[in-house]
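One structure is given below, encoded as structure tokens.
The values are calculated or read from the model by the stated rules, or taken from the named source; none is laboratory data. This structure is a prediction, so every number in the text was calculated from the model and none was measured. In this analysis, Cβ positions are derived from the backbone assuming ideal geometry, glycine residues included, and neighbour counts consider all displayed protein chains.
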Amino acid sequence: MATEPTPAPPPASLGTPIDGAPSSSPSPDPDPSTPSTATELAPLRYTVEAIEVRGNTTTLTHLVLRYVRFHPGDPLDVDDRELELTRFRLLGTGFFRDVELSLRRGSRRGYVVLVVHVFERNTIVVNDLWLGLSADAEPDGRARPLTAYGGAQVSETNLGGTGITLGGAFAVADRQLALRTRFADPQFLRTAYTVEAQLLYNAARDFFGNRDVVVDDPQGQDYAVLPYRRFGGSVGAGRDLGISTQLFLSYRLERIEAQVPLAASHRRGPDIEPINFFLLPGGSVLSALRATLSHDTRDEPVLPMRGQHLVVGADLSSGVLGSDYPYVKLQGRVSHWWHLSWGHVFRLEGFAGAIFGTAPLFEKFYIGDFSDLLPDRVLDLNFDRRPPPNFLDTAIVEVRYGDYAARVQGEYRVPLYRGQRSIYGVDVFGALGLYAVAEARDFILHARGYNGFRAVPVDLTFNLGLRIETSAGAAVFGLSNFLGLLPLRGPGTR
């Protein structure tokens, strides 16, 4: 979360004992008026006598201690990186707007009390708010009427001070609806395990076809429509592997009902081929296991100034689990933030993912999730059927969903404001990236008419706007939200 205008010094500053905490060195105390090179260079080590939590009027003390890796009797080095990471981890819970760590003299020489002072924040938050218009166009470039979509995700992230999250989300669009509920307990039955459960419902429509689409039951002039429904949920449990690393395992089960057209074709390059809708007709079942490993050293979860965030995941769906969609999905994302000496922030992010097997439509990689110039999927609903702008004139214009995806993006951020009441922070940002989405066949038999570099389904993406963190949640206002309504067309967009 955004820090106070006059933030507490980072834990690394604990190299100077607070409240006169004594050194654990067995030698006599040096005269404080006499400089000592040995004392300045030697690390200050103590033994933790106790841990004291202050400022938590709502959050239970044992929940705060759940995120503190130190215990009474542990050795403590004031230069230990884990002190700083402890502060970051507490901020990352979203329960607090600031956290201060300090030392207080213990009852014996060489012993100290670790004081954790938290400043609580509003925990009923709007995690996401989606409002937009989806632009569309005829094959000749004439604009269609705009279609509105919207939704919200709201959560109580610290129910009764227990850390339990209860949340819900919805999204609506033209003949589409998505609903979600979520429960999470970071200290299940006072253990070190986190448990989570979710329920979902989707009544969705998706659009297929590049050009010259022919459908057995025409539902559009130049595209095929796939209506389908999903109902199911997931349960999972996780455990900390370290102060900044967590492992989470979950199982999901869904029932899918799809009205797949009996026959449909479109043009890929100059060739006419059947459309693959990536869902089985009628009823089918998705049953899958997921493992997620995350490593987070960000100083703040919304407007971080420095640190790293790494997430890798693997999904396994198999007939052994009763699934009609056997596949393996691997993906990883890493982001690193640098706090520049003049106060600005630079972030570099990389993503890579691959799917092996026959994953359902909503598990495929979608171009709108990688291009800032198309609407993202919201709760797995797709609002837009346009191809990407295709600034580089490549075969990306032939791709909608893929088995492989990658993106590299840089972002430059300028902090404009930091506060402590309703608005915690406002930053202006600019981002530029390169992404690729491809089907497996694009590596073997690319679309005819594209040669050399043009055969690689890759394109540029960019954005410019404001990031705002408030007591009610965070928001992003990007130029891409408005550019997405314009008929941007690169030289290869048809």
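If E363 meets every condition in (1) modelled with pLDDT of 95 or more; (2) surrounded by fewer than 16 Cβ atoms within 10 Å (Cβ to Cβ); (3) among the charged types (D, E, K, R) apart from one, which number is that one?
Answer for E363: the failing condition is (2).
Yes or no: E196 in a strand (DSSP E or B), among the acidic types (D, E) and surrounded by fewer than 18 Cβ atoms within 10 Å (Cβ to Cβ)? Explain how you work it out, then say what you get.
Working: in a strand (DSSP E or B): yes; among the acidic types (D, E): yes; surrounded by fewer than 18 Cβ atoms within 10 Å (Cβ to Cβ): no.
Judged against the criteria, E196 is not a match.
Could you tell me whether the stretch 123-132 includes any residue that is farther than 26 Å from V172 by Cα and either in a strand (DSSP E or B) or modelled with pLDDT of 80 or more (or both)?
no
Is it true that some residue in the stretch 451-460 is among the polar types (S, T, N, Q) and under 22 Å from the mean Cα position of the chain (by Cα)?
Initial filter on the stretch 451-460 (among the polar types (S, T, N, Q)): 451.
Still in the running and under 22 Å from the mean Cα position of the chain (by Cα): none.
No, the stretch 451-460 contains no residue that is among the polar types (S, T, N, Q) and under 22 Å from the mean Cα position of the chain (by Cα).
I'm trying to understand the selection: among the residues of the stretch 281-304, which are modelled with pLDDT under 95 and either at positive phi or among the aliphatic types (A, V, I, L, M) (or both)?
V302, L303
Taking F278 as meeting all but one of (1) within 32 Å of the chain's Cα centre (by Cα); (2) more than 29 Å from Y201 (Cβ to Cβ); (3) among the hydrophobic types (A, V, I, L, M, F, W, C), write down the number of the exception.
Single failed check for F278: (2).
Going by what's in this entry, would L226 be described as in contact with a helix residue (DSSP H, G or I) (Cβ under 8 Å, 6 or more places away or on another chain) and at negative phi? Spell out the reasoning first.
Details: in contact with a helix residue (DSSP H, G or I) (Cβ under 8 Å, 6 or more places away or on another chain): yes; at negative phi: yes.
In short, yes.
From the list T157, T147, exactly one residue is at pLDDT 85 or above and of a type in the set (S, T, N, Q). Which is it?
Details: T147 fails: at pLDDT 85 or above.
Of T157, T147, the one residue that is at pLDDT 85 or above and of a type in the set (S, T, N, Q) is T157.
Show me the strands (runs of 3 or more DSSP E) entirely contained within the stretch 225-295 in which 3 or more residues are touching a strand residue (DSSP E or B) at 6+ places or on another chain (Cβ under 8 Å), surrounded by 14 or more Cβ atoms within 10 Å (Cβ to Cβ) and assigned by TED's automatic domain parsing to the domain that holds T191. Talk me through it step by step, then tell me what you get.
On the way: elements: 245-258, 264-268, 271-274.
Qualifying strands (runs of 3 or more DSSP E): 245-258, 264-268.
Any residue at all in the stretch 107-114 that's in contact (Cβ under 8 Å) with a residue 12 or more places away in the chain, crowded, with 18+ Cβ neighbours inside 10 Å, touching an Asp or Glu at 6+ places or on another chain (Cβ under 8 Å) and of a type in the set (D, E, K, R)?
We begin by selecting, within the stretch 107-114, every residue in contact (Cβ under 8 Å) with a residue 12 or more places away in the chain; these are 107-114.
Within this subset, residues satisfying the condition of being crowded, with 18+ Cβ neighbours inside 10 Å are 111-114.
Imposing the further condition that a residue be touching an Asp or Glu at 6+ places or on another chain (Cβ under 8 Å) reduces the set to 111-114.
Right, trim to of a type in the set (D, E, K, R) and you get none.
The answer is no, given that none of the residues of the stretch 107-114 is in contact (Cβ under 8 Å) with a residue 12 or more places away in the chain, crowded, with 18+ Cβ neighbours inside 10 Å, touching an Asp or Glu at 6+ places or on another chain (Cβ under 8 Å) and of a type in the set (D, E, K, R).
Condition first: surrounded by 18 or more Cβ atoms within 10 Å (Cβ to Cβ), within 30 Å of R121 (Cα to Cα) and aliphatic (A, V, I, L, M). Can you find one or more residues in the stretch 371-388 that meet it?
yes
Taking the stretch 288-310 on its own, how many of its residues are within 21 Å of A359 (Cα to Cα) and within 13 Å of the chain's Cα centre (by Cα)?
At the first step, the residues of the stretch 288-310 found to be within 21 Å of A359 (Cα to Cα) are 288-292.
Filter once more, so that each one left must be within 13 Å of the chain's Cα centre (by Cα): 292.
Counting residues in the stretch 288-310 that are within 21 Å of A359 (Cα to Cα) and within 13 Å of the chain's Cα centre (by Cα) gives 1.
Taking the criterion of being farther than 27 Å from E273 by Cβ and either among the polar types (S, T, N, Q) or not assigned by TED's automatic domain parsing to the domain that holds V302 (or both), would at least one residue in the stretch 448-460 satisfy it?
So in the stretch 448-460, the residues farther than 27 Å from E273 by Cβ come out as 460.
So of that shortlist, the ones also either among the polar types (S, T, N, Q) or not assigned by TED's automatic domain parsing to the domain that holds V302 (or both) come out as 460.
Yes; the residues of the stretch 448-460 include at least one that is farther than 27 Å from E273 by Cβ and either among the polar types (S, T, N, Q) or not assigned by TED's automatic domain parsing to the domain that holds V302 (or both).
Go through (1) touching a residue at least 40 places away in the same chain (Cβ under 8 Å); (2) within 27 Å of the chain's Cα centre (by Cα); (3) buried (at least 19 other Cβ atoms within 10 Å of the Cβ) and name the single condition A184 misses.
Exception for A184: condition (1).
Within the stretch 188-205, can you find the residues that are modelled with pLDDT of 90 or more and in contact with a Lys or Arg (Cβ under 8 Å, 6 or more places away or on another chain)?
Going through the stretch 188-205, the residues modelled with pLDDT of 90 or more turn out to be 188, 193-205.
Those that are modelled with pLDDT of 90 or more and in contact with a Lys or Arg (Cβ under 8 Å, 6 or more places away or on another chain): Y193, T194, E196, A197, Q198, L199, L200, Y201, N202, A203, A204, R205.
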